[in-house]
Each structure stands twice: as structure tokens, then as C-alpha cells.
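Everything on this sheet refers to the single structure shown next.
Every number here is computed from the coordinates shown, using simple stated rules; none is lab data. These figures come from a predicted structure and were not determined experimentally. Cβ placement follows ideal geometry from the backbone for every residue including glycine, while neighbour counts extend to all protein chains displayed.
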Amino acid sequence: MRKTLLSLALVIAAAPLGAQATQQAKKDADPSNKVAGGAPAGWTVRVDDKDAKRNMTATDTKLSVMGAGYHVTSGPAAIYYAPKDNISGDYTVRAKLTQVKAPMHPEAYGIFAGGQKLDTPDQEYLYFLVRGDGKYMISHRAGAEVHSILPWTESAALNKADEKGVATNELAITVKGDSVLFSANGTRLQSWTKAGMHDWVGKGQAGLRVNHNLDVHVGAFEAKPDKK
């Protein structure tokens, strides 16, 4: 009996490790591809350091104007921003994002706020991302470090990708008074005090973040002060 229970415990313990190994294997088999394009006038692209070390640049991913919105065909993981979207005080950053087709494995995309020194090694920003599996996360990037504020979490408020890999979600970060609010499709998911996160979130650059090898349509993007 003891031997049976021990064997069962080992199988249960190994299952998550096996799933993690499978996920890592998929990532290893999915290196960042180069996509010719760059960004339209008025926009800046910063490629993640890990892809920059592989000699990938802003011209190896593509942000294009499409109708009233934008379309990202990502090569390397990167952030995309326009200097006009540098805001402070009470504000909302919002984007309606559609994953157009399924990636090789769940990859993240979303919005960021509070960006500082984005063209230097001391870059800093707060980001709020989703994946096609119906999960979201919130993190803070400081230089080469990433601080997880909320790890990947499932939410019924998020739309999962359908059988074709398509999913649409509207994300928002709102700074109001001493509160920082995170919403998806009109439902508040999380909130913290501004002081509890970092005072810098009350001002700075806002924009988009899209991980590698994704096809994401941005139906609407705005970063604007909230009216008093």
C-alpha cells in the first residue's frame, strides 16, 4: 500500500514538471523570426534585450496603420510607443486587441504605462498582458529585470482564443487618485494603491507590448488624461 501511494505521489509531482518541460520545449523550438517593416512616422520600437543580443532591431518587426487602428506582425518581442502618449496625473490607457491567428504556444500581448527612459538601459514601465488561453499578468520592467506583480492568472472576463486562434480583448490601465486599476472587457480585474506599486506609474510613456512571432490587430488605442 505504501509503495502504491508513493508511486502515485511521484506521478502527481512529475506531471506539472512534465507540462513545464513541454512548454519550454515549444518555446525553444520557436525562436524569434525577422519581419521586415519597422513602424510608421511618430512611433518608436524598442526590441527586448534578449532579441537585441541576437542582432534584431526595430526594423525586424512591423507596426502598420490599418484603418482606424494598427496591426502588429511581430518578429522579436518589443514595445511600441508614440511620444504624444506621454501622460501624467489621472489617466487611462486602453486598447482593443485581437490575436488574429494561433501562435506556436501561448504568447502575450497588451499595454504598458508609466514608461521612463525607454531609450536607455535603465528603461522602466508597468505592463498588463493577456494570452490566448484566457490568462493575464501584470509586471514591472526595470532595466534588464522583470518584477512580477501578478503571475499568469485565469479570468472569466477574458475571451479565450477560438479554434482558429482568434481572440479579442479590450484592456485598460487607469490611474485615478491613489489607485491603479486594471480592467478587461469592462470588468475590473485588479487594483492597487499608486504608492503601493511605485509613484512613477502616475506619469510617463504609454504604449503597446507584443511578444515575439504574433499577429495582433489593434482596433483602438488611446492614452488620455481623465477629465476632472
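Miscellaneous remarks
- FRET efficiency, 1/(1 + (r/R0)^6) with R0 45 Å, evaluated for Asn55 and Ser179 via beta carbons: 0.60
- Under 13 Å, Cβ to Cβ, from Asn33 - net charge with Lys/Arg +1 and Asp/Glu -1: -2
- For segment 32-49, putting each phi into the Karplus relation 6.51 cos²θ - 1.76 cosθ + 1.60 with θ = phi - 60° gives couplings of 5, 9, 8, 10, 5, x, x, 9, x, 4, x, 10, 10, 10, 10, 7, 4, 4 Hz, in residue order, rounded to whole numbers and with x for Gly and Pro.
- Among the trypsin sites (Lys or Arg not before Pro) within segment 95-133, those in coil by DSSP and having at most 14 neighbouring Cβ atoms inside 10 Å are Lys101, Lys117.
- Less than 5 angstrom separates the built amide H of Leu214 from those of Ser74, all sequence-distant by 5 or more or on a different chain.
- At most 14 other Cβ within 10 Å, DSSP loop - GluC sites (Glu not before Pro), segment 129-228: Glu163
- Helix-only [θ]222 nm of the chain, DSSP H runs n ≥ 4, -39500 (n - 2.57) each, per residue, nearest 500: -4500 deg cm²/dmol
- Contact order, relative form, for the chain: 27 percent (alpha carbon pairs under 8 Å, 6 or more residues apart, mean separation divided by residue count).
- Scattering from the chain was approximated by placing one identical point on each alpha carbon and applying the Debye formula without solvent; log10 I(q)/I(0) at 0.12, 0.16, 0.17 1/Å stands at -0.66, -1.12, -1.26.
- Alpha carbon centroid spacing (whole Å) that separates segment 167-228 from segment 91-147: 10 Å
- Estimated FRET transfer efficiency (Lys84, Val146; beta-carbon r; R0 25 Å; 0.05): 0.40
- Taking the longest Cα principal axis of the chain as reference, the axis of helix 2-28 is set at about 40 degrees.
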